[in-house]
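S.K.: Sharing a structure here in structure tokens format.
Please treat every number below as a calculation from the coordinates, not as lab data. All values reported here derive from a predicted model rather than from experimental measurement. Here Cβ is always computed from backbone atoms with ideal geometry, including for glycine, and neighbour counts include all displayed protein chains.
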Amino acid sequence: MSELENLMRDVARTVQTDARRRQLLPEIQARLVALDEKRRPTGAVWRWSMAGAMACCAAAVAFYVMQVQPVSFAVDGVTSAGTTGAVGQKLAAPDSSALSLRFSDGSQVTLPPRAQAHVDDVDNKGATVAVDEGTVEVSVVHRAKTRWQVRAGRYQIHVTGTRFAAGWDSRQQTLTVTMREGSVVVTGPGLKQGTPLVTGQRLRVNAATGEPAAAIEDANVPEPAAPTQGQSKDEQAEAAAVEAAPAVVVTEPAAPAPAREERRIGSARTRRAAPTKLAQLDNDWRGFEARHQYKEAFAAAVNAGWDNYCARLGADDLVKLGNVARYAKDAEHADSAYQAARRRSASADQPVFFLGRVAFDLRKDYVAAGNWFDSYLKRFPHGPLALEAAGLLLDSRLKAGDNAGARDAAKGYLDAFPHGPLASKARATRGQ
Amino acid sequence: MSVAMALPREMRPGAHSMPGTAVVYNDDADLVAALHRGDRAARTVLVQRYEPLVERLVAGALGIDSEIADVIQDVFVGVFEGIRSLKDASALRSWIATLAVFTARGRIRRRRRWRWIRFLAPEEVPEVPVSGPQGETHEAVRATYRVLDTLPDDERMAFSLRFISEMQLTEVATACRVSLATVKRRLARAERRFVEAAKDHPALRERLQSGGRWGVEES
């Protein structure tokens, strides 16, 4: 049998297994019965259909009105509980308490004591909030076509859905942005093309001197996540260890360094922002990756500074970067990207799984692979990769010659996936 | 209402029910006769009997796809609407297979048109998220269907019926309503195109070169 036929047989198994897993027959039966009922119109059905159609029209009109309606906001404070806010109205938090702006799209801006801000503009996609003095906490709810901005002096922070703190010192003309979640792009003096910031980074930039004096540092600011229900103490400790992992040093990409003036500000963990070059280099590996040219994508990412990417990218992109290295068969770089993804997000399941795949496929270290898959299943028993992790745990134990471990893995597999694609192998391993 | 419909189910010709079970039709001739009479129970039996076939053909043509249930539904709606035109009950299976093939091909063509209208490249069209295998398995299956997306519709259908739905050549020819020679030509062309296009997809290229591990086996 040719490799093509082998490949197609595997595709067929995967596709058919997926279809069976979705148990379509009852759904199809139910749909056909419902369709049959619909096709037998009676007076009552006709009336209900008309009522339904009118309700749909009303809902469509309401949806349209909501879409074109600009967001509104209420101000919660000591003296003004839930009063409707007005665009342009200066808002100043008292000396001893905070002021909170609650927007109709679910977003919220909190002014701590003595902070000053005002809402500059609102439309149906979001709002523009101007920080006049102090540091405000911003939490924007992401929706389709969200357009939110925070303005501070001549700086703009472009937001989709995220949480961050924006501080403005009007006397020093200094902006500080501290990312708690998501990403933003900051534009303004000293930031030519816009500086992207991701979770855990902090930007300080001064507009007073007229010189580009921007600094991005790894702020290590994510708030500690509450222990997930059902996690064991070990798992909680592991998660905590991930959260508390030391901040990654942000370094310049290797290739373009000679052309760039580099000035360290403050500590060794700070660097000059170089958004244009970074964005261009970023596009290189992403472009190759999108075209499935993984070796080229890997070379481009290494050339541009692999460690820099590991320090800068969000968890999803780091998994993508790790996959690029894995497809290029470079275990070391793949591991570094997946480990960075774990540090970035303790709740992300894919890095754990793919670390197992690196150990299994590239390093042929089946003991380590088994440990990763075991870890995955303990932490994410219902994760999207649980079926594959359970199968690979079984394979890892078998390949490592760990018969007792393999029997345990087989039992776990059958308990969780009694009709899974490796069920027969698991039964054979258990000696049934 | 016909006389047959007025009779209790178990007394109608060709049908009987076992205690505690739904009505059973001995063979396709009985089933088709009951469908011609408009027997609703026969519809349920037909769907139970042929849904696995339709699912295999549609899933093979579309891959892991959120619209599989919609397409299967369309196939059976077509079956119920056209059953009166079916004169030879022994051809029921191949007739349903043909309907499945043409319905799936229609869905593929509609998507292609939709993409053109949106002025987006295929890779830019957002995929509908569906549950399914992840990781490398997912990557290889996705890559397979991306390559199939580049094939002409008729060649794609012949290829998926033969290699993914694992039909015999004669069955493929019947389902596609073409001659055996035409199917062979389409398959040869599709295979060449597939292997050529697969070189651009690492997950397929490596597999075709070395026959690497897949990690999924039939239960």
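S.K.: Grab the beta carbon distance between A:ALA51 and A:ARG363, set R0 = 56 Å, and tell me the FRET efficiency rounded to 0.05.
M.R.: According to the calculation, E is roughly 0.30.
S.K.: Please compute, for peptide B:60-69, the average count of beta-carbon atoms on other protein chains lying within 10 Å of each residue's beta-carbon. All intermediate terms of the calculation are to be shown ahead of the outcome.
M.R.: Details: counts 6, 1, 2, 5, 7, 3, 1, 0, 6, 7.
Mean number of neighbouring Cβ atoms from other chains: 4.
S.K.: Average partner chain C-beta neighbours within 10 Å, per residue of B:192-200? Write down the numbers at each step before the final one.
M.R.: Values: counts 0, 0, 3, 3, 0, 0, 2, 0, 3.
Mean partner shielding for this stretch: 1.
S.K.: Between rounded, prolate and oblate, where does the stretch A:314-395 land on the alpha carbon gyration tensor, with a ≥ b ≥ c its root eigenvalues, rounded for a/c under 1.5, else prolate if a/b exceeds b/c? Numbers along the way, then the final one.
M.R.: Details: a/c = 1.96, a/b = 1.13, b/c = 1.73.
Cα axes put the stretch A:314-395 in the oblate bin.
S.K.: Let me ask another. What nm value, rounded to one decimal, do you get for the distance between A:ALA290 and A:SER97 when each label is placed 7 Å out toward the C-beta?
M.R.: Each label point lies 7 Å from its Cα, and together they span 5.1 nm.
S.K.: Output ³J(HN,Hα) for the stretch B:138-149: one whole-Hz value per residue in order, computed from phi by the Karplus curve 6.51 cos²θ - 1.76 cosθ + 1.60 with θ = phi - 60°, and x for Gly and Pro.
M.R.: Using θ = phi - 60°, the values come out as 4, 4, 5, 5, 4, 4, 4, 6, 5, 5, 4, 4 Hz.
S.K.: So what's the Cα pair-distance distribution over the stretch A:275-430, bin width 5 Å, in %?
M.R.: Distribution as computed: 2, 11, 18, 18, 17, 12, 10, 7, 4, 2, 1, 0 percent.
S.K.: Mind checking A:324-336 for the average number of partner chain beta-carbons within 10 Å of each residue's beta-carbon?
M.R.: 1
S.K.: By how many nm would the segment from A:ARG171 to A:ASP402 lengthen if fully extended, with 0.36 nm per residue of separation less the alpha-carbon distance?
M.R.: Numbers: separation 231, 0.36 × 231 = 83.16 nm, distance 6.73 nm.
Full extension of this stretch gives 76.4 nm more.
S.K.: Moving on to the next point. Please sort B:150-161, A:93-104 by packing, taking for each peptide the average over its residues of neighbouring beta carbons within 10 angstrom, highest first. Let's see the in-between values first.
M.R.: On the way: B:150-161: 21.7, A:93-104: 16.3.
With the highest mean Cβ count within 10 Å placed first, the list reads B:150-161, A:93-104.
S.K.: Further, regarding this structure: Modelled label-to-label distance, B:ARG112 and B:GLN168, 7 Å Cα→beta-carbon offset: nm?
M.R.: Spacing of the two 7 Å Cα→Cβ label points: 3.0 nm.
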